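The structure appears below as structure tokens.
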Amino acid sequence: MNLKAHFLPALGLTTALAACSPAPSDILVPDDQREPLMQVVQEEARNDPAENCLLLVWSEQEDPDVEFDRAHDAVNGGAISCATGTSPSQFEAAIETLREAAQSGDKARLLEQVGLPLLYIDAEGERRELTEDQIDALFDEVFDQRMVAVLRDLDLSQMTVDKDQGAYFKLGSLWLVVDDTGGKPRIVTVNRQALDEAAEAAKEQAERGQGKTLD
């Protein structure tokens with residue numbers, strides 16, 4: 001079975017990082033911390049292209065989480081900052097919100113994390129771009145028990161990034177993208193067909209005694 005994620009989200013990144021940019025001259029941090037921080041990150045950026053991407057992202061954030069972002073930028077597919085235009089800490093915040101909303105059954109909070117229009121691909125592969133009213137009407141179909149279970153178990157370490165397309169889980173069952181550099185990602189694609197394929201692939205792996213997690 002081809003395990004490559006398919007059906008890329010119809011919505012691309014508004015701000016694509018065509019190449020890692022040089023370190024910006026001004027990171028939005030307190031004045032008394034700015035100079036030491038910049039000396040350290042600029043020095044490390046010379047030896048690490050991904051650091052340049054983080055610098056670009058941090059320049060658009062008021063209070064970047066430098067330590068967390070450095071420690072978690074590398075995932076399947078490459079650096080989160082270079083591929084998506086935002087920081088790992090922003091994805092972690094979105095993932096935590098989605099997990100909590102799924103665990104508590106908070107529909108309103110979950111919908112706040114959804115971008116519009118939402119590309120919904122059903123189990124037969126039919127594609128529909130849903131408006132806010134349509135998402136509300138089809139909520140129990142789009143976010144059924146299986147998809148809610150996926151949301152409850154989201155983990156940054158299991159995420160895969162695709163350059164200028166966004167980030168996904170479970171072979172593309174769930175896609176998140178960012179509208180603005182340094183911003184918080186939102187769900188833009190729910191793919192039930194990919195979720196079925198991920199479940200089938202997991203079953204096949206289990207039968208072969210291979211317990212590798214599917215991204």
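The values are calculated or read from the model by the stated rules, or taken from the named source; none is laboratory data. Bear in mind that the values here come from a model prediction, so they are computed numbers and not experimental data. All Cβ positions, glycine included, derive from the backbone under ideal geometry; neighbour counts span all protein chains shown.
Picking from residues in region 81-123 that are aliphatic (A, V, I, L, M) and in contact with a strand residue (DSSP E or B) (Cβ under 6 Å, 6 or more places away or on another chain), the one that is nearest to L154 (Cα to Cα) is V114. Evaluate region 113-120: report whether one residue or more is of a type in the set (S, T, Y), in the same structural domain as D196 (by TED's automatic domain parsing) and within 29 Å of D73 (Cα to Cα). Yes, region 113-120 contains at least one residue that is of a type in the set (S, T, Y), in the same structural domain as D196 (by TED's automatic domain parsing) and within 29 Å of D73 (Cα to Cα). Mind checking which residues of region 76-106 are charged (D, E, K, R) and closer than 15 Å to D65 by Cα? Passing the criteria: only E92. Consider L154 carefully, then state whether it is within 19 Å of R99 (Cβ to Cβ), modelled with pLDDT under 95, part of a loop (DSSP other than H, G, I, E, B) and not aromatic (F, W, Y). Criteria not met by L154. If only residues of region 70-87 that are touching a residue at least 60 places away in the same chain (Cβ under 8 Å) and in a loop (DSSP other than H, G, I, E, B) are counted, the one that is farthest from the chain's Cα centre (by Cα) is G77.
Residues that are farther than 17 Å from G183 by Cα and at pLDDT 95 or above within region 29-69 comprise just one, E67. Does A79 fit the bill of being crowded, with 19+ Cβ neighbours inside 10 Å, of a type in the set (G, A, S) and outside the structural domain of A194 (by TED's automatic domain parsing)? In short, yes. Check whether at least one residue in region 147-160 is among the polar types (S, T, N, Q), in contact (Cβ under 8 Å) with a residue 40 or more places away in the chain and surrounded by 13 or more Cβ atoms within 10 Å (Cβ to Cβ), and report yes or no. Within region 147-160 (the criterion being among the polar types (S, T, N, Q), in contact (Cβ under 8 Å) with a residue 40 or more places away in the chain and surrounded by 13 or more Cβ atoms within 10 Å (Cβ to Cβ)), the answer is yes, since at least one residue qualifies. Taken over region 88-139, residues that are in a helix (DSSP H, G or I), aliphatic (A, V, I, L, M) and in contact (Cβ under 8 Å) with a residue 12 or more places away in the chain amount to 9. Just so you know, in region 82-126 the residues that are among the hydroxyl-bearing types (S, T, Y) and surrounded by 21 or more Cβ atoms within 10 Å (Cβ to Cβ) include one that is farthest from W58 (Cα to Cα), and it is T84. Regarding region 47-57, can at least one residue be identified that is within 12 Å of the chain's Cα centre (by Cα), surrounded by 18 or more Cβ atoms within 10 Å (Cβ to Cβ) and not in a loop (DSSP other than H, G, I, E, B)? So far as region 47-57 goes, no, none of its residues is within 12 Å of the chain's Cα centre (by Cα), surrounded by 18 or more Cβ atoms within 10 Å (Cβ to Cβ) and not in a loop (DSSP other than H, G, I, E, B).
If the condition is being surrounded by 18 or more Cβ atoms within 10 Å (Cβ to Cβ), part of a helix (DSSP H, G or I) and among the acidic types (D, E), then region 58-69 contributes only D69.
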